[in-house]
Amino acid sequence: MIISQTLEEKVKQQIETVYDPEIDTINIVDLGMLGNVSILEKKVTVELLPTFLGCPALGIIKENVIKAISELNEVEEVVVNYINTPPWTSASITEKGREALKKFGIAPPPIQLESDGSWQVDCPYCGSPYNTLENIFGPSACRSLLYCKECKNPFEAMKPISIL
Amino acid sequence: MKITSANEVNDPKNVEYKKVLVDLLYQLADDDFLHSFRGSEWLGLVPHIEEDVAYSSIAQNTMGHAAIYYELLEEIGEGKSDDLAHGRSDAVRKNAILLEEVNGPGGWLYEEPKYDWAFTVVRNYFYEVMKKHKIESLKTSSYEPLAQVAIKVQSETIYHLMHWRTWFYQLVSAEGEARDRMKAAIEKAWRDVGGLLSLGPNREAMVNTGLIDGEEVLKERFVAVVKDAFEHLNLEYPGEPGMERGDGRTGVHTADLKEAINTLAEVYNLNPAVSW
């Protein structure tokens, strides 16, 4: 039996091949960056949600999405736009994405913040919650630096971002 | 009244609205742009390595905020955002004078930089307190694309304010030189802090068009937070915020801005046609 894929399915499959340029275990769909995809004959328009407005990876991701979709023979034109609404939050990361972050040594963001805004994550290596926040800011806008007191490893965590 | 798109702004019946919106967007963009530039000058010079990570991350986020405001201007026909950021002279800039002031004597290229960390902490704390209240107000702006941006910006700036508030409280609470230098820096910054709170000559029209809350309302919210901090830290409240060197919203600036633009636009000016 031959199941033919629709163009929309093919486009989405191509978008899933685009990974975060700095965290190569997670694709942009699992990061929660994909908005609407619309197809009008041979033109594909993709909306992406920026994680952090100043993130230098945004330009690279945009180019990579255009490249990936352009590989499809049925497509003649690809337009990628960053949109500001709905805003990306760290809750947009999928369950699969959370696992992918751990593989890279990054703790996924806490699902819920405490009522005073504080938060806690588990060490991505040993799972221990016995760790300290060294720096809320990290090597990129979306990450914080922590240290695990249990397994004595420094690690990073996705910085929780929410709209209050 | 709500304006939902750039197209609607350009409807001839909204010509007055557009004029006021453009003024506000330049203020927001130029403020964040200069603030971020002064922050970037600290790279490698801050008191310790973790601060280098933190401050450069904050400056990068803030540059992203400036960029998105310049992009909103581009959308309504003001020109390309890169040109708006790099190609405008000091005479048409609308940032507050407090933000253009050098970090201290010296510089990156030719002289040893002797930047003033106390002044930087004070300026940044005041700036983030003001920004918090502006952004909060912009979330219900009549220009919906701006309201959407405000929600996004707010989610990032929570951490910025937390950061500078911590430095401010800790250095003022310390004994000896730290507290003295912080007091001197507060006195210096206070002379121009009024410019940060100004909405410029279109202040009334900004309220009437529903773009942002009134200048007095925003100022009250700013003063309430700062007064609370001063009381907690046993500092004397300096009184009415000053604007001794004038209102940057009207195009009044100092030589520091001219020099900053010459520096930050040096590469851009080599060939403005190159895309970034």
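What the table below lists for this structure:
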| read-out | value |
| --- | --- |
| Kirkwood hydrodynamic radius of region A:96-164, Cα pairs, Å | 12.0 |
| Globularity index of chain A, i.e. its alpha-carbon radius of gyration over 2.2 N^0.38 Å | 1.17 |
| Relative packing of B:205-217, B:232-244, which averages over residues the other C-beta atoms within 10 Å, highest first | B:205-217, B:232-244 |
| Amide H within-cut-off set for A:Leu48, under 5 Å, with H built and near neighbours excluded | A:Gly35, A:Asn81, A:Tyr82, A:Ile83 |
| Fewest-first sequence of B:Phe230, A:Phe137 by Cβ atoms within 10 Å of each Cβ | B:Phe230, A:Phe137 |
| Peptide-level mean, for B:158-165, of C-beta atoms on other protein chains within 10 Å | 2 |
| Kirkwood Rh and Cα Rg combined as Rg/Rh, region B:142-273 | 1.02 |
| Local electrostatic count, B:Val9, Cβ distance below 12 Å [Lys/Arg +1, Asp/Glu -1] | -2 |
| Neighbour-count order for B:Ser141, A:Ser115, fewest beta carbons within 10 angstrom listed first | A:Ser115, B:Ser141 |
| Exposure proxy order (Cβ contacts within 10 Å, fewest to most) of B:Tyr159, B:Tyr26 | B:Tyr159, B:Tyr26 |
| Isolated Cys residues of chain A, judged by Cβ distance under 4.7 Å to other cysteines | A:Cys55, A:Cys142 |
| Peptide B:143-156, shielding by other chains (average Cβ, 10 Å cutoff) | 4 |
| For region B:121-229: relative contact order, % (alpha-carbon pairs under 8 angstrom, 6 or more apart) | 37 |
| Estimated vicinal HN-Hα couplings, Hz - region A:115-128 in sequence order (Karplus 6.51, -1.76, 1.60; Gly, Pro = x) | 5, 8, x, 6, 8, 9, 10, 9, 4, x, 8, 10, x, 6 |
| For peptides B:260-271, B:124-135, sequence by mean Cβ density within 10 Å, most packed first | B:124-135, B:260-271 |
| Shape of the protein assembly as shown, Cα gyration tensor, a/c cut at 1.5 | oblate |
| Global geometry of chain B, whether rounded, prolate or oblate, following the gyration tensor of its Cα atoms and the 1.5 cut on a/c | oblate |
| Whole-Hz ³J(HN,Hα) from phi, Karplus 6.51 cos²θ - 1.76 cosθ + 1.60, for region A:27-36, glycine and proline x | 8, 6, 6, 5, 6, x, 8, 8, x, 6 |
| Proportion of all alpha-carbon pairs of region A:7-82 beyond 14 Å (%) | 56 |
| Nearest 10 degrees, 0 to 90: helix B:117-138 Cα axis against chain B principal axis | 30 |
| Global geometry of region B:50-125, whether rounded, prolate or oblate, following the gyration tensor of its Cα atoms and the 1.5 cut on a/c | prolate |
| Amide H contacts under 5 Å for B:Tyr143, placed H, 5+ residues apart | B:Ile3 |
| Mean ellipticity per residue at 222 nm, deg cm²/dmol - from DSSP H runs of n ≥ 4 across the protein assembly as shown, formula -39500 (n - 2.57) | -15000 deg cm²/dmol |
| Relative contact order for chain A, counting Cα pairs under 8 Å that sit 6 or more residues apart, in percent | 18 |
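Each value in this text was obtained by applying a stated rule to the coordinates, not by laboratory testing. Just so it is clear, the structure is predicted and the values come from calculations on it, not from any experiment. With ideal geometry, Cβ positions are generated from the backbone for all residues, glycine too; neighbour counts draw on all protein chains shown.
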